[in-house]
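This report concerns only the one structure given below.
The values are calculated or read from the model by the stated rules, or taken from the named source; none is laboratory data. In this text, all values refer to a predicted model and were calculated from it rather than measured experimentally. We place every Cβ from the backbone using ideal geometry, glycine too, and count neighbours over all the protein chains shown.
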Amino acid sequence: MDVEEVRSVPGLQLDRYLGLWFEQGRLPLRYEDDDATDVTAEYALADDGTVRVDNRCLDGDGEPTQAVGEAELDTEHAGRLRVTFLPEGLRWIPFTHADYWVLRVDAEYRHALVGTPDRKHLWLLAREPRGDGAVRRDFLETARAQGFDLSDWIETSQSGEVVAI
């Protein structure tokens, strides 16, 4: 099978993408426990045009964890953002923003596949705590076609609650 290049969506309606997403699964991350549960990401437009990113979960010990960051849209590629979770006073430092590409989103903005162009990071997000299995398989096939190795894929356990901090 020929592997596609990693491609972001050609257009992203940011106003529809904003809001709360429940993580359905991910590739392992060094800064998140493999057994983290109730993982959510909430995106909100800030006054300066950037996007506030509020990630929450229960870590492997069941403790609430929050990471707040900032994303900027790539003006040349609507489906691509640059994200940082550094403290506000350090966000000016060069090379501290990570690529965050929306690889696929359904027409209703109910499911999204997000990854990095180096294929090291991948997330499947849904507006509901428990996404549709057929949609999940279809979206993960998109990831495979773009060359993502899903052998270490982690299914995220969701209780349906948003972690309170």
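Say we look at the stretch 23-42 and pick out the residues that are farther than 18 Å from Thr116 by Cα and charged (D, E, K, R); which of these is surrounded by the most Cβ atoms within 10 Å (Cβ to Cβ)? Applying the filter and picking the extreme gives Asp38. With respect to being surrounded by 18 or more Cβ atoms within 10 Å (Cβ to Cβ) and touching a Pro at 6+ places or on another chain (Cβ under 7 Å), Trp101 fits the description. One residue stands out in the stretch 6-50 among those that are acidic (Asp, Glu) and under 22 Å from Arg137 (Cβ atoms): the one that is modelled with the lowest pLDDT, namely Asp34.
Restricting Gly62, Gly160, Gly79, Gly69 to those that are over 21 Å from Gly11 (Cα atoms), under 17 Å from the mean Cα position of the chain (by Cα) and either of a type outside the set (A, V, I, L, M, F, W, C) or surrounded by fewer than 16 Cβ atoms within 10 Å (Cβ to Cβ) (or both) reduces the list to Gly69.
Does Val53 count as buried (at least 18 other Cβ atoms within 10 Å of the Cβ), among the hydrophobic types (A, V, I, L, M, F, W, C) and within 16 Å of Ala164 (Cα to Cα)? Against the criterion (buried (at least 18 other Cβ atoms within 10 Å of the Cβ), among the hydrophobic types (A, V, I, L, M, F, W, C) and within 16 Å of Ala164 (Cα to Cα)), Val53 qualifies.
Being exposed (fewer than 14 other Cβ atoms within 10 Å of the Cβ) and of a type outside the set (Gly, Ala, Ser) is the filter; apply it to the stretch 131-143 and report the residue that is nearest to Glu4 (Cα to Cα). Restricting to residues being exposed (fewer than 14 other Cβ atoms within 10 Å of the Cβ) and of a type outside the set (Gly, Ala, Ser), the top hit is Glu141.
Here no strands (runs of 3 or more DSSP E) wholly within the stretch 91-165 include at least 2 residues being of a type in the set (A, V, I, L, M) and farther than 25 Å from Gly69 by Cβ. Being in contact (Cβ under 8 Å) with a residue 60 or more places away in the chain, of a type in the set (Gly, Ala, Ser) and in contact with an Asp or Glu (Cβ under 8 Å, 6 or more places away or on another chain) holds for only one residue in Ala78, Ala46, Ala41, and it is Ala41.
In the stretch 1-52, of all residues being small (Gly, Ala, Ser) and farther than 22 Å from Glu72 by Cβ, the one that is nearest to the chain's Cα centre (by Cα) corresponds to Gly25. Only a single item in (1) surrounded by 14 or more Cβ atoms within 10 Å (Cβ to Cβ); (2) out of contact with any helix residue (DSSP H, G or I) (no Cβ under 6 Å at 6 or more places or on another chain) is not met by Leu113, and it is number (2). Scanning the stretch 107-125 for residues that are touching a residue at least 12 places away in the same chain (Cβ under 8 Å) and over 22 Å from Thr84 (Cα atoms) gives Tyr109, Arg110, His111. With respect to Pro87, determine if the residue is loosely packed, with under 14 Cβ neighbours inside 10 Å, at pLDDT 95 or above and farther than 15 Å from Arg26 by Cβ. Spelling it out, it is not the case that Pro87 is loosely packed, with under 14 Cβ neighbours inside 10 Å, at pLDDT 95 or above and farther than 15 Å from Arg26 by Cβ.
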